[in-house]
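Colleague: Have a look at this one before I ask anything.
The values are calculated or read from the model by the stated rules, or taken from the named source; none is laboratory data. For clarity, every value in this text was computed on a predicted model and none was experimentally measured. Reconstructed Cβ throughout: ideal geometry from the backbone, glycine too, with neighbour counts over all protein chains shown. The accessibility values were calculated without ligands, DNA or RNA, using every heavy atom of the protein model including side chains. Shrake-Rupley method; radii C 1.70, N 1.55, O 1.52, S 1.80 Å.
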Amino acid sequence: MIMRNFLSTADWTRSELQALLDRASAFKSGAVSRALEGKTIALVFFNPSLRTRSSFDIGAHQLGGHAIVLDAKGATWPMEFAPGAVMDGDEEEHVKEAARVLSSYVDLIAIRCFPAFKNWQTEREDPMITAFAEHATVPIINMETIVHPCQELAMMLALQAHLGDVAGKEFLLTWVPHPKPLNTAVANSALLMATKFGMNVRMLIPDEVYRLDERYMSAAEGFVADGGGSLTVTTDVEAAYSGADAVYAKSWGALPFFGNWDEEAPFRAKGADFMITPEKMALTNNAVVSHCLPMRRNVKIADAVVDSPAFLGIEEASNRLPVQKAVMEALATQSTGGAG
Ligand code: CP
(Lines give C-alpha, C1' and ligand atoms only; values in the text may rest on other atoms or scores of the structure.)
Protein backbone atom coordinates (compact mmCIF):
# COMPACT_ATOMS: atom_id res chain seq x y z
CA MET A 1 0.00 0.00 0.00
CA ILE A 2 1.29 3.48 -0.94
CA MET A 3 1.62 6.03 1.87
CA ARG A 4 -1.05 8.73 1.46
CA ASN A 5 -0.28 12.43 1.68
CA PHE A 6 -2.85 15.24 1.88
CA LEU A 7 -1.45 17.57 -0.76
CA SER A 8 -4.58 18.37 -2.78
CA THR A 9 -8.20 17.23 -2.64
CA ALA A 10 -7.81 16.45 -6.33
CA ASP A 11 -5.94 13.30 -5.19
CA TRP A 12 -8.83 12.14 -2.95
CA THR A 13 -12.19 10.81 -4.14
CA ARG A 14 -15.44 12.48 -3.19
CA SER A 15 -16.34 9.54 -0.92
CA GLU A 16 -12.93 9.70 0.80
CA LEU A 17 -13.39 13.43 1.36
CA GLN A 18 -16.93 12.86 2.64
CA ALA A 19 -15.51 10.31 5.11
CA LEU A 20 -13.12 13.00 6.40
CA LEU A 21 -16.05 15.45 6.68
CA ASP A 22 -18.14 12.85 8.54
CA ARG A 23 -15.28 12.23 10.94
CA ALA A 24 -14.91 16.00 11.44
CA SER A 25 -18.63 16.19 12.24
CA ALA A 26 -18.16 13.42 14.81
CA PHE A 27 -15.31 15.42 16.39
CA LYS A 28 -17.61 18.45 16.54
CA SER A 29 -20.17 16.27 18.35
CA GLY A 30 -17.64 15.20 20.97
CA ALA A 31 -15.92 12.10 19.54
CA VAL A 32 -12.51 11.50 21.09
CA SER A 33 -9.45 10.02 19.37
CA ARG A 34 -5.94 9.38 20.65
CA ALA A 35 -4.63 8.66 17.15
CA LEU A 36 -1.49 10.75 17.74
CA GLU A 37 -0.64 9.26 21.17
CA GLY A 38 3.14 9.29 21.39
CA LYS A 39 3.41 10.89 17.95
CA THR A 40 4.66 14.28 16.77
CA ILE A 41 3.77 16.51 13.83
CA ALA A 42 6.16 19.16 12.48
CA LEU A 43 4.37 22.31 11.31
CA VAL A 44 6.72 24.06 8.87
CA PHE A 45 5.70 27.64 8.07
CA PHE A 46 7.36 29.64 5.30
CA ASN A 47 4.54 32.26 5.63
CA PRO A 48 2.46 33.83 8.43
CA SER A 49 -0.66 32.23 9.92
CA LEU A 50 -3.17 32.64 12.72
CA ARG A 51 -5.81 29.94 12.09
CA THR A 52 -3.69 27.17 10.55
CA ARG A 53 -0.94 27.37 13.13
CA SER A 54 -3.22 27.38 16.16
CA SER A 55 -5.73 24.81 14.89
CA PHE A 56 -3.06 22.26 13.89
CA ASP A 57 -1.22 22.67 17.20
CA ILE A 58 -4.41 22.33 19.26
CA GLY A 59 -5.69 19.48 17.07
CA ALA A 60 -2.48 17.47 17.56
CA HIS A 61 -2.77 18.01 21.32
CA GLN A 62 -6.41 16.88 21.34
CA LEU A 63 -5.42 13.69 19.46
CA GLY A 64 -2.88 12.92 22.20
CA GLY A 65 0.13 14.04 20.19
CA HIS A 66 2.62 16.85 20.10
CA ALA A 67 3.26 19.58 17.52
CA ILE A 68 6.49 21.43 16.89
CA VAL A 69 6.21 24.70 14.98
CA LEU A 70 9.14 25.58 12.74
CA ASP A 71 9.29 29.11 11.41
CA ALA A 72 11.10 28.46 8.16
CA LYS A 73 11.56 32.19 7.45
CA GLY A 74 13.81 33.07 10.37
CA ALA A 75 14.11 30.28 12.95
CA THR A 76 15.37 27.50 10.67
CA TRP A 77 18.00 27.48 7.92
CA PRO A 78 17.00 29.05 4.60
CA MET A 79 16.01 26.10 2.39
CA GLU A 80 16.64 25.22 -1.25
CA PHE A 81 14.27 22.92 -3.14
CA ALA A 82 15.57 22.85 -6.72
CA PRO A 83 17.19 19.56 -7.80
CA GLY A 84 20.82 20.02 -8.75
CA ALA A 85 20.99 23.58 -7.34
CA VAL A 86 24.46 25.06 -6.85
CA MET A 87 23.87 26.40 -3.36
CA ASP A 88 26.08 29.46 -3.43
CA GLY A 89 23.27 31.90 -2.48
CA ASP A 90 21.43 32.42 0.83
CA GLU A 91 20.12 28.86 1.20
CA GLU A 92 22.10 26.78 3.73
CA GLU A 93 20.11 23.56 3.56
CA HIS A 94 18.46 21.47 0.83
CA VAL A 95 15.00 20.03 1.34
CA LYS A 96 16.50 16.60 0.52
CA GLU A 97 18.28 16.60 3.87
CA ALA A 98 15.67 18.58 5.83
CA ALA A 99 12.79 16.26 4.84
CA ARG A 100 14.75 13.13 5.70
CA VAL A 101 16.02 14.47 9.03
CA LEU A 102 12.55 15.67 10.10
CA SER A 103 11.11 12.29 9.04
CA SER A 104 13.47 10.60 11.50
CA TYR A 105 12.05 12.71 14.35
CA VAL A 106 8.33 13.09 13.59
CA ASP A 107 5.36 11.10 12.29
CA LEU A 108 3.73 13.75 10.10
CA ILE A 109 5.02 16.90 8.38
CA ALA A 110 2.76 19.81 7.44
CA ILE A 111 3.98 22.57 5.10
CA ARG A 112 2.84 26.13 4.35
CA CYS A 113 4.75 27.62 1.44
CA PHE A 114 3.10 30.29 -0.74
CA PRO A 115 4.42 31.12 -4.20
CA ALA A 116 7.18 33.72 -4.34
CA PHE A 117 5.04 35.65 -6.89
CA LYS A 118 7.88 35.76 -9.42
CA ASN A 119 7.39 33.12 -12.11
CA TRP A 120 4.10 31.21 -12.31
CA GLN A 121 5.48 28.67 -14.78
CA THR A 122 7.84 27.30 -12.12
CA GLU A 123 5.72 28.10 -9.07
CA ARG A 124 2.65 26.33 -10.48
CA GLU A 125 4.62 23.10 -9.94
CA ASP A 126 4.41 23.72 -6.17
CA PRO A 127 8.14 22.94 -5.86
CA MET A 128 8.73 23.07 -2.08
CA ILE A 129 5.91 20.76 -0.95
CA THR A 130 6.50 18.51 -3.95
CA ALA A 131 10.13 18.14 -2.87
CA PHE A 132 9.10 17.44 0.74
CA ALA A 133 6.67 14.76 -0.49
CA GLU A 134 9.42 13.21 -2.61
CA HIS A 135 12.09 13.08 0.08
CA ALA A 136 10.17 12.64 3.36
CA THR A 137 9.36 9.17 4.60
CA VAL A 138 6.31 10.27 6.62
CA PRO A 139 3.00 11.68 5.33
CA ILE A 140 2.89 15.32 4.22
CA ILE A 141 -0.07 17.67 4.80
CA ASN A 142 -0.59 20.85 2.77
CA MET A 143 -1.26 23.86 5.04
CA GLU A 144 -1.53 26.11 1.92
CA THR A 145 0.73 26.34 -1.06
CA ILE A 146 -0.99 26.88 -4.42
CA VAL A 147 -4.03 25.03 -3.07
CA HIS A 148 -5.46 25.03 0.46
CA PRO A 149 -7.14 21.64 0.92
CA CYS A 150 -7.77 21.97 4.68
CA GLN A 151 -9.64 25.23 4.01
CA GLU A 152 -11.72 23.43 1.35
CA LEU A 153 -12.80 20.79 3.86
CA ALA A 154 -13.71 23.45 6.43
CA MET A 155 -15.73 25.33 3.81
CA MET A 156 -17.62 22.21 2.72
CA LEU A 157 -18.37 21.22 6.32
CA ALA A 158 -19.97 24.64 6.85
CA LEU A 159 -21.89 24.46 3.55
CA GLN A 160 -23.26 21.00 4.31
CA ALA A 161 -24.34 22.14 7.78
CA HIS A 162 -26.38 24.98 6.24
CA LEU A 163 -27.45 23.65 2.82
CA GLY A 164 -27.63 19.87 3.45
CA ASP A 165 -26.70 17.91 0.31
CA VAL A 166 -24.91 20.55 -1.75
CA ALA A 167 -25.22 18.73 -5.11
CA GLY A 168 -27.17 20.91 -7.55
CA LYS A 169 -26.94 23.99 -5.30
CA GLU A 170 -25.77 27.28 -6.85
CA PHE A 171 -22.24 28.24 -5.69
CA LEU A 172 -20.83 31.65 -6.58
CA LEU A 173 -17.05 32.03 -6.33
CA THR A 174 -16.54 35.77 -6.65
CA TRP A 175 -13.28 37.66 -7.07
CA VAL A 176 -13.31 40.59 -4.63
CA PRO A 177 -11.10 43.68 -4.39
CA HIS A 178 -7.85 43.84 -2.43
CA PRO A 179 -5.01 46.37 -2.63
CA LYS A 180 -2.48 43.64 -3.45
CA PRO A 181 -2.42 40.65 -5.80
CA LEU A 182 -2.91 37.54 -3.66
CA ASN A 183 -2.31 33.80 -3.95
CA THR A 184 -4.82 31.80 -6.03
CA ALA A 185 -4.72 28.87 -3.59
CA VAL A 186 -8.09 29.34 -1.88
CA ALA A 187 -9.84 30.14 -5.15
CA ASN A 188 -8.35 27.00 -6.74
CA SER A 189 -9.48 24.99 -3.75
CA ALA A 190 -13.00 26.40 -3.58
CA LEU A 191 -13.38 25.65 -7.30
CA LEU A 192 -12.11 22.07 -6.90
CA MET A 193 -14.27 21.29 -3.86
CA ALA A 194 -17.53 22.82 -5.07
CA THR A 195 -17.33 21.05 -8.44
CA LYS A 196 -16.21 17.78 -6.86
CA PHE A 197 -19.36 17.83 -4.71
CA GLY A 198 -21.68 18.41 -7.70
CA MET A 199 -22.48 22.09 -7.22
CA ASN A 200 -23.41 24.48 -10.03
CA VAL A 201 -20.41 26.79 -9.85
CA ARG A 202 -20.36 30.31 -11.24
CA MET A 203 -16.97 32.01 -11.16
CA LEU A 204 -17.33 35.80 -11.26
CA ILE A 205 -14.20 37.67 -12.36
CA PRO A 206 -13.58 41.26 -13.52
CA ASP A 207 -11.84 40.12 -16.71
CA GLU A 208 -10.81 36.89 -18.43
CA VAL A 209 -7.24 37.45 -17.19
CA TYR A 210 -8.49 36.32 -13.76
CA ARG A 211 -9.27 32.80 -14.94
CA LEU A 212 -7.52 30.33 -12.68
CA ASP A 213 -4.71 28.07 -13.84
CA GLU A 214 -5.84 25.65 -16.55
CA ARG A 215 -4.87 22.71 -14.33
CA TYR A 216 -7.67 23.65 -11.89
CA MET A 217 -10.16 24.80 -14.53
CA SER A 218 -9.85 21.52 -16.39
CA ALA A 219 -9.90 19.45 -13.17
CA ALA A 220 -13.14 21.21 -12.23
CA GLU A 221 -14.60 20.53 -15.68
CA GLY A 222 -13.64 16.87 -15.21
CA PHE A 223 -15.42 16.71 -11.84
CA VAL A 224 -18.54 18.19 -13.46
CA ALA A 225 -18.38 15.64 -16.29
CA ASP A 226 -17.94 12.76 -13.83
CA GLY A 227 -20.21 13.80 -10.97
CA GLY A 228 -22.73 16.38 -12.21
CA GLY A 229 -23.17 20.08 -11.52
CA SER A 230 -21.81 22.74 -13.85
CA LEU A 231 -19.12 25.38 -14.23
CA THR A 232 -19.58 28.81 -15.82
CA VAL A 233 -17.19 31.77 -15.85
CA THR A 234 -18.75 35.23 -16.08
CA THR A 235 -18.01 38.93 -15.73
CA ASP A 236 -21.74 39.72 -15.27
CA VAL A 237 -22.23 40.62 -11.60
CA GLU A 238 -26.03 40.58 -11.58
CA ALA A 239 -26.31 37.24 -13.38
CA ALA A 240 -23.68 35.71 -11.11
CA TYR A 241 -25.46 36.64 -7.87
CA SER A 242 -28.96 35.88 -9.14
CA GLY A 243 -30.37 32.85 -7.31
CA ALA A 244 -27.06 31.85 -5.67
CA ASP A 245 -27.33 29.58 -2.60
CA ALA A 246 -23.76 30.22 -1.43
CA VAL A 247 -21.36 33.07 -2.10
CA TYR A 248 -17.64 32.54 -1.56
CA ALA A 249 -15.31 35.57 -1.65
CA LYS A 250 -11.65 35.58 -2.61
CA SER A 251 -9.21 38.00 -4.19
CA TRP A 252 -6.32 36.85 -6.33
CA GLY A 253 -3.72 38.14 -8.73
CA ALA A 254 -4.14 37.61 -12.49
CA LEU A 255 -1.76 34.84 -13.53
CA PRO A 256 -0.69 36.41 -16.87
CA PHE A 257 0.85 39.26 -14.82
CA PHE A 258 2.53 37.08 -12.19
CA GLY A 259 5.66 38.96 -11.10
CA ASN A 260 4.72 41.91 -13.31
CA TRP A 261 1.95 43.39 -11.22
CA ASP A 262 2.05 47.00 -12.44
CA GLU A 263 0.59 45.82 -15.72
CA GLU A 264 -2.26 44.08 -13.88
CA ALA A 265 -3.55 47.36 -12.37
CA PRO A 266 -5.98 48.33 -15.19
CA PHE A 267 -7.59 44.88 -15.05
CA ARG A 268 -7.81 45.01 -11.22
CA ALA A 269 -9.60 48.36 -11.55
CA LYS A 270 -12.38 46.65 -13.51
CA GLY A 271 -13.32 44.84 -10.28
CA ALA A 272 -13.42 47.95 -8.11
CA ASP A 273 -17.17 47.42 -7.50
CA PHE A 274 -16.93 43.72 -6.76
CA MET A 275 -17.13 44.07 -2.93
CA ILE A 276 -19.95 41.94 -1.52
CA THR A 277 -22.74 44.26 -0.37
CA PRO A 278 -26.30 43.82 0.95
CA GLU A 279 -27.56 44.98 -2.47
CA LYS A 280 -25.72 42.15 -4.23
CA MET A 281 -26.79 39.61 -1.57
CA ALA A 282 -30.42 40.67 -2.16
CA LEU A 283 -30.14 39.12 -5.65
CA THR A 284 -29.36 35.68 -4.19
CA ASN A 285 -31.56 32.87 -2.92
CA ASN A 286 -31.04 34.02 0.68
CA ALA A 287 -27.45 32.79 0.28
CA VAL A 288 -24.89 32.06 2.93
CA VAL A 289 -21.58 33.86 2.42
CA SER A 290 -18.08 32.93 3.49
CA HIS A 291 -14.40 33.74 3.24
CA CYS A 292 -11.28 31.88 4.39
CA LEU A 293 -10.02 34.75 6.59
CA PRO A 294 -8.06 36.93 7.15
CA MET A 295 -10.38 39.39 5.42
CA ARG A 296 -10.34 43.16 4.88
CA ARG A 297 -13.76 44.49 5.94
CA ASN A 298 -15.41 47.03 3.67
CA VAL A 299 -12.93 46.19 0.90
CA LYS A 300 -13.85 42.56 0.22
CA ILE A 301 -17.15 42.30 2.10
CA ALA A 302 -19.23 45.12 3.61
CA ASP A 303 -19.73 45.19 7.38
CA ALA A 304 -23.48 44.74 6.98
CA VAL A 305 -22.89 41.35 5.31
CA VAL A 306 -20.05 40.21 7.59
CA ASP A 307 -22.13 41.04 10.66
CA SER A 308 -25.27 39.30 9.34
CA PRO A 309 -26.41 35.74 10.16
CA ALA A 310 -25.58 34.76 6.55
CA PHE A 311 -21.83 35.06 7.20
CA LEU A 312 -20.18 31.65 7.80
CA GLY A 313 -16.55 32.81 7.97
CA ILE A 314 -16.20 32.23 11.71
CA GLU A 315 -17.86 28.82 11.50
CA GLU A 316 -15.63 27.88 8.56
CA ALA A 317 -12.53 28.94 10.49
CA SER A 318 -13.63 26.99 13.57
CA ASN A 319 -14.14 23.94 11.32
CA ARG A 320 -10.42 23.95 10.60
CA LEU A 321 -9.85 22.21 13.95
CA PRO A 322 -12.11 19.15 13.42
CA VAL A 323 -11.30 18.69 9.73
CA GLN A 324 -7.56 18.77 10.38
CA LYS A 325 -7.99 16.29 13.26
CA ALA A 326 -9.74 14.01 10.75
CA VAL A 327 -6.87 14.44 8.27
CA MET A 328 -4.13 13.89 10.88
CA GLU A 329 -5.95 10.82 12.24
CA ALA A 330 -6.41 9.34 8.75
CA LEU A 331 -2.76 9.82 7.80
CA ALA A 332 -1.29 8.79 11.15
CA THR A 333 -3.26 5.55 11.31
CA GLN A 334 -2.83 4.39 7.70
CA SER A 335 -1.05 1.13 7.12
CA THR A 336 1.80 1.74 4.71
CA GLY A 337 2.97 -1.82 4.31
CA GLY A 338 6.47 -0.36 4.39
CA ALA A 339 6.00 1.86 1.35
CA GLY A 340 7.72 5.22 1.50
N1 CP B 1 -7.35 30.73 6.37
C2 CP B 1 -6.12 30.55 6.86
O3 CP B 1 -5.38 29.64 6.44
O4 CP B 1 -5.79 31.38 7.88
P5 CP B 1 -4.29 31.66 8.37
O6 CP B 1 -3.54 32.23 7.19
O7 CP B 1 -4.43 32.62 9.51
O8 CP B 1 -3.70 30.36 8.80
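Colleague: I want to confirm something. Restricting to the stretch 70-106 and keeping residues that are surrounded by 14 or more Cβ atoms within 10 Å (Cβ to Cβ) and hydroxyl-bearing (S, T, Y), which single residue is farthest from the ligand (Cβ to nearest atom)?
Modeller: The extreme case among them is S103.
Colleague: May I pose another question? Output yes when any residue across the stretch 161-174 is within 17 Å of the chain's Cα centre (by Cα) and open to solvent by 10 Å² or more (accessible area, probe 1.4 Å), and no when none is.
Modeller: Within the stretch 161-174, none of the residues are within 17 Å of the chain's Cα centre (by Cα) and open to solvent by 10 Å² or more (accessible area, probe 1.4 Å).
Colleague: Ok, one more. Name the single residue that is farthest from the ligand (Cβ to nearest atom) among those in the stretch 200-215 being without any contact (Cβ under 8 Å) to a residue 40 or more places away in the chain and surrounded by 21 or more Cβ atoms within 10 Å (Cβ to Cβ).
Modeller: N200
Colleague: Exactly one condition in (1) more than 25 Å from G253 (Cβ to Cβ); (2) touching a residue at least 24 places away in the same chain (Cβ under 8 Å); (3) more than 16 Å from the ligand (Cβ to nearest atom); (4) open to solvent by less than 60 Å² (accessible area, probe 1.4 Å) is not met by R124; state its number.
Modeller: (1)
Colleague: Name the pairs: first residue in the stretch 217-238 and in the same structural domain as T174 (by TED's automatic domain parsing), second residue open to solvent by less than 40 Å² (accessible area, probe 1.4 Å) and acidic (D, E), Cβ to Cβ under 8 Å, at least 6 apart or on different chains?
Modeller: Partner pairs satisfying both residue conditions: T235/D207.
Colleague: Would you mind finding the one in R34, R4 that is open to solvent by 60 Å² or more (accessible area, probe 1.4 Å) and either in contact with a helix residue (DSSP H, G or I) (Cβ under 7 Å, 6 or more places away or on another chain) or not in a loop (DSSP other than H, G, I, E, B) (or both)?
Modeller: Answer to the selection: R4.
Colleague: Okay, moving on. Test M281 against the stated conditions and say whether it is assigned by TED's automatic domain parsing to the domain that holds V138, modelled with pLDDT of 95 or more and either farther than 28 Å from S8 by Cα or in contact with a helix residue (DSSP H, G or I) (Cβ under 7 Å, 6 or more places away or on another chain) (or both).
Modeller: When the stated conditions are applied, M281 does not pass them.
Colleague: Also: Could you run through the stretch 52-69 and say how many residues are under 18 Å from the mean Cα position of the chain (by Cα), open to solvent by 20 Å² or more (accessible area, probe 1.4 Å) and either more than 16 Å from the ligand (Cβ to nearest atom) or over 21 Å from A99 (Cα atoms) (or both)?
Modeller: So the answer is 1.
Colleague: Then there's this: Looking for something crowded, with 17+ Cβ neighbours inside 10 Å, in contact with a Lys or Arg (Cβ under 7 Å, 6 or more places away or on another chain) and either farther than 20 Å from K73 by Cβ or in contact (Cβ under 8 Å) with a residue 12 or more places away in the chain (or both) - is there at least one such residue anywhere in the stretch 107-120?
Modeller: Yes, the stretch 107-120 has at least one match.
Colleague: For E91, state whether it is assigned by TED's automatic domain parsing to the domain that holds A326 and in a loop (DSSP other than H, G, I, E, B). Explain how you work it out, then say what you get.
Modeller: Working: assigned by TED's automatic domain parsing to the domain that holds A326: yes; in a loop (DSSP other than H, G, I, E, B): yes.
Taking the combined requirement at face value, the residue satisfies it.
Colleague: Confirm whether L43 is over 22 Å from M156 (Cα atoms) and either among the small types (G, A, S) or surrounded by 15 or more Cβ atoms within 10 Å (Cβ to Cβ) (or both).
Modeller: So L43 fits the description; yes.
Colleague: When only residues in the stretch 34-51 that are touching a residue at least 60 places away in the same chain (Cβ under 8 Å) and more than 20 Å from V138 (Cα to Cα) count, which is farthest from the ligand (Cβ to nearest atom)?
Modeller: N47
Colleague: Every residue in the stretch 135-188 that is more than 16 Å from the ligand (Cβ to nearest atom) and closer than 19 Å to L108 by Cα, please.
Modeller: H135, A136, T137, V138, P139, I140
Colleague: Across the stretch 222-278, which residue is farthest from K180 (Cα to Cα) among those that are open to solvent by 60 Å² or more (accessible area, probe 1.4 Å) and β-branched (V, I, T)?
Modeller: The selected residue is T232.
Colleague: I'm checking my understanding of the structure. Among residues of the stretch 1-18 that are under 20 Å from A110 (Cβ atoms) and more than 16 Å from the chain's Cα centre (by Cα), which one is modelled with the lowest pLDDT?
Modeller: That would be I2.
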